[in-house]
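I have placed the structure first, in the form of C-alpha cells, so that the comments after it can refer back to it.
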C-alpha cells in the first residue's frame, strides 16, 4: 500500500469505529426511553442495531479489498450502508424538528422533559452517524478503486489510469 492508501485506510477504520460507538450509544439511549411495546420504537432500535452491524462489518476490511467473489458482498454492504445512512438522517431530522410528536409516536414511558433531552441526544448522534456513514462510504470507494485500477506507463512514458471493466460507464 502506498502512503496515501495507508492514511485512507486508517481514516476508514476510524470512521467505522466511531460509527460503531455512536450506533451503540444510540441503542442504549433509545432503550432508556422504554419503547419496547411501540412498533416505531422497535424499528428505531433495529435501525441503530443495523447501523452497528454494518460498521462492524466495515471494520473487518473485507469490503474494501477486491478479492475474488467479494463483489456481491461489497455491493450488498454498500447498499445497506447507504440505506441506513438515509434512515439515520431522516430520524435525526425528525428528532430535532418534531421532538414532541416523535416522542408521542414512540409511546415512551419516561417524563416528557427527560424524553425530549434523550430524543435530541439520539438526533445529534443520528446526524453524526449520517455524516460518518457517508465519509466511510466515500473512503471505502476510494480504497477499492485505488486497489482495482492502477497506473500503467505507456510507451511514450505517460501514465494512464486503467480502470477495471466494472467501473466503465
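The values are calculated or read from the model by the stated rules, or taken from the named source; none is laboratory data. Note that the structure is predicted; figures quoted are calculated from it, not measured. Ideal geometry is used to build each Cβ from the backbone, glycine not excepted, and the neighbour counts take in all protein chains shown.
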Note: among 81, 95, 91, just one is free of Cβ contacts under 8 Å to residues at least 60 places away in the same chain, more than 30 Å from residue 10 (Cβ to Cβ) and buried (at least 20 other Cβ atoms within 10 Å of the Cβ), namely 95
Given the conditions (1) farther than 23 Å from residue 10 by Cβ; (2) at pLDDT 80 or above, every one holds for residue 57 apart from (1)
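Table: residues versus (1) in a helix (DSSP H, G or I); (2) modelled with pLDDT under 85.
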position	(1), (2)
68	no, yes
75	yes, yes
122	yes, no
136	yes, no
- Message: Being within 17 Å of residue 52 (Cβ to Cβ), in a helix (DSSP H, G or I) and at pLDDT 85 or above: is that true of residue 130 here?
- Response: yes
